[in-house]
Amino acid sequence: TTTTTTTKTKKKINGRDIEYSIIIPTYNEQLNIAMLFTLIVEAMEKEIKDRNKNISYEVIVVDDNSQDQTQHVIRKLQKIEKYKDILCLKPRKGKLGLGSAYIHGLHFARGQFVIIMDADLSHNPKAIPEFIRKQEEGDYDVVTGTRYLASPSFSSSFRINNSSNKANKNKKEECGVYGWDTRRKLTSRVANYLAHILLNPGVSDLTGSFRLYRKSTFQALVNTMQSVGYVFQMEIIVRAKKGGFKVAEVPISFVDRVYGSSKLGASEIIGYLSGLVRLFFSV
Amino acid sequence: MRRIHQLGITFTVFLAVWVSLLHQSGALKSNKSVLHNFFDTTSPLHVFLWCLPLICIVVFAIYSLVHIIYSVMYFPTCPKAAEMLKRDMKRTQKELVKLGVFTPKQIKEMNSS
C-alpha cells in the first residue's frame, strides 16, 4: 500500500505539533458545515480552557464537488484570522464515496489522531473532548461513538464494560438518538443484532461514523476496506478488533435531522445484508 | 480464528453432544438406520432428544425476538440534546452573520429550503 506524497508546508500550528485532524466529508452542506465548524472550534477551545492544556487541531473538509455554496462558505471561513490555520478544504471532482473521502482526507492529515464525523450536525461536536479523554485514559487506538450504550442491555454480552456505564451515568449530556420512529429503531436493532450474531464485534454500535482513530491505525485499516456505506463502518471496526487494536466506546447523542428525507429502502437493506454476509466469510 | 470457524466449532460440539445423548439414552441404535431410529421412537425422552435441535432453534428465536422488542422499547433517546442543538444552531447562525460569512437573508433562505 502506498500513500500519496503531499507537500506538508506547515506541520505545526502556532509552534505546536498538530494532535488531532478532524475529517469531515461534505456534499451540499453549505450552512451545516459552517455551523459545525463553529461548534467544533467552540468545543475544542472550551476543552483547552478547562484542562489548561494546549491542544492543537485542524479541520479537513473533503468536499465532493457540492452544487451549492459549500466550498465558497469554507473559503470565506478560511479568510477569518482565527480560523485560517485550523480549517482546510480538500475538494474532489465528484461523489466518490465515503471511504475514499476518508482516504483523501488522511493524505493531508497532520495530526497524530484522526476524528471522523458527519457534516449534517447529527454528531454533536461537544463529544469530541470526550473521545480525546477516553483515548488518553487507556491509550486506545480507536474510540467509537455509540448510540446504543445508554440503553439497559438485556444481555450482558452486549455490555461493553462497567467503567463505560459508570462514565455514562456521570455524563451531563444525553445519549441516544432523536428523530427515529419505531420502524427505524426496529430496523436498526435488527441490523445490529444480526451483525452481533454473525460478527461478534465486541462493540455495541457497528455502523456509527463518529470515531477517533490513531492515524497509523486508520491508515493500516482503511486501505484494506472493500465495503461501502454502512458496511464500511462495520468492516473497519471489526477488522480493528480482530487485528488486536485497542477499541473503546463513548456514548453519544445522534440527532437525525435528515431521516424524513432519506428513508431506508429495500436496496439499502439488501446491500447491508450482502455486505454482512461477505464480512462473515472474510473476517 | 474467523467467526465462521468459531460458529462451525460450536455447531460441531453441539452435534457431538446431541448424538452422544441419543446413543446413551438408547434413542439411536447402531444396528438400524437413523431414519428407522427416528420413526421407531415412542418414549417421550427419546422424542425430546430427537427434537432437541428444533427446540434450541425455537428457544433462540424467542430469545432474539424478546431481546429485539426489549431493546426497541428501551432505545435511548435524546430530546434534550436535540433542543440544545436547535439553540446552538440559532446562536451559531447569528455569529456567522456577525463574521460576515452569511447575510440574514441567506440564512433565512437556507433554513427554509
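Report the charge-dipole magnitude of segment B:47-113 in Debye, nearest 20, computed about the Cα centre from +1 at each Lys and Arg Cβ and -1 at each Asp and Glu Cβ. Walk me through the numbers on the way to the answer.
Values: 9 positive and 4 negative charges, 122 e Å.
Dipole size: approximately 580 debye.
Under a straight-distance cross-link criterion of Cα-Cα below 17 Å, which aspartates and glutamates are reachable from A:LYS95, leaving out those fewer than 8 residues away in the same chain?
Result set, ordered by chain and number: A:GLU29, A:ASP63, A:ASP64, A:ASP68, A:ASP118, A:ASP120.
Give me the angle, in degrees from 0 to 90, between the Cα long axis of helix B:79-98 and the longest principal axis of the Cα atoms of chain B, rounded to the nearest 10.
The two axes meet at around 30 degrees.
Using the Cα centre of segment A:55-148 as the reference point, and only Cβ charges (+1 on K/R, -1 on D/E), how large is the resulting charge dipole? Debye, rounded to the nearest 20. List each step's numbers first, then the result.
Numbers: 14 positive and 13 negative charges, 88 e Å.
It works out to roughly 420 debye.
Once you've got the Cα coordinates, tell me which of A:LYS90/B:LYS105; A:LYS46/A:LYS242; A:LYS90/A:LYS185; A:LYS134/A:LYS215; A:LYS49/B:LYS90; A:LYS49/B:LYS98 are over 26 Å apart.
Details: A:LYS90/B:LYS105 28 Å; A:LYS46/A:LYS242 36 Å; A:LYS90/A:LYS185 35 Å; A:LYS134/A:LYS215 16 Å; A:LYS49/B:LYS90 24 Å; A:LYS49/B:LYS98 24 Å.
Flagged as over cut-off: A:LYS90/B:LYS105; A:LYS46/A:LYS242; A:LYS90/A:LYS185.
Heavy atoms only, 1.4 Å probe, whole protein assembly: order A:ASP17, A:ASP118, A:ASP205 by accessible area, highest first. Present the calculation step by step, with values, prior to reporting the outcome.
Details: A:ASP17 85, A:ASP118 40, A:ASP205 0 Å².
I get A:ASP17, A:ASP118, A:ASP205, largest accessible area first.
Which cross-chain or sequence-distant (5 or more) residues have an amide H under 5 Å from the amide H of A:LEU87, H modelled 1.01 Å from N in plane?
Answer set, sorted by chain and number: A:VAL59.
Run the dipole for the protein assembly as shown about the Cα centre, Lys and Arg Cβ at +1, Asp and Glu Cβ at -1, nothing else charged, and hand back the magnitude in debye, nearest 20. All intermediate terms of the calculation are to be shown ahead of the outcome.
Numbers: 55 positive and 33 negative charges, 148 e Å.
Magnitude of the dipole: close to 720 debye.
According to a simple spin-label model (label point 7 Å from Cα along Cα-to-Cβ), what is the distance in nm between B:TRP18 and A:ASP181?
4.1 nm
Let's test this: bin the Cα-Cα distances of segment B:69-113 at 10 Å from zero up to the farthest pair and state each bin's percent.
24, 34, 21, 14, 8
Modelling each spin label as a point 7 Å along the Cα-to-Cβ direction, I'd like the A:GLN226/B:CYS51 distance in nm, to one decimal.
It is 4.3 nm.
Taking each residue in B:65-73, count the Cβ atoms of any other chain within 10 Å of its Cβ, then average. What number comes out?
Numbers: counts 0, 1, 7, 8, 3, 6, 14, 10, 3.
So the per-residue partner count for this stretch is 6.
Among B:SER25, B:CYS51, B:ILE68, whose Cα sits farthest toward the positive end of the charge dipole of chain B (+1 at Cβ of Lys/Arg, -1 at Cβ of Asp/Glu, about the Cα centre)?
The residue sitting most towards the positive pole is B:ILE68.
Counting only DSSP beta bridges with both residues in the protein assembly as shown, what percent are antiparallel, rounded to the nearest 5? Intermediate values should be presented prior to the final figure.
Values: 10 of 33 bridges.
Of all bridge pairs located within the protein assembly as shown, approximately 30 percent are antiparallel.
For n ≥ 4 DSSP H runs only, could you compute -39500 (n - 2.57) per run for chain B, divide by its residues and tell me the 222 nm figure to the nearest 500? Each step should come with its number before you reach the end.
Working: 5 runs with 88 residues, N = 113.
For chain B, the value works out to -26500 deg cm²/dmol.
Can you give the longest run of chain B that contains no trypsin sites (Lys or Arg not before Pro) sitting in a DSSP loop with at most 16 other Cβ atoms inside 10 Å?
B:33-113
Taking the square root of 5 times each eigenvalue of the Cα gyration tensor, what semi-axes in Å does the equivalent ellipsoid of the protein assembly as shown have, largest first? Present the calculation step by step, with values, prior to reporting the outcome.
Working: eigenvalues 459, 98, 76 Å².
Working through the eigenvalues yields semi-axes of 48, 22, 19 Å.
The values are calculated or read from the model by the stated rules, or taken from the named source; none is laboratory data. If you're wondering where the values come from, they're calculated on a predicted model, not measured in any experiment. Here Cβ is always computed from backbone atoms with ideal geometry, including for glycine, and neighbour counts include all displayed protein chains. In case anyone asks, the SASA skips ligands and DNA or RNA and just uses the protein heavy atoms, side chains included. Shrake-Rupley method; radii C 1.70, N 1.55, O 1.52, S 1.80 Å.
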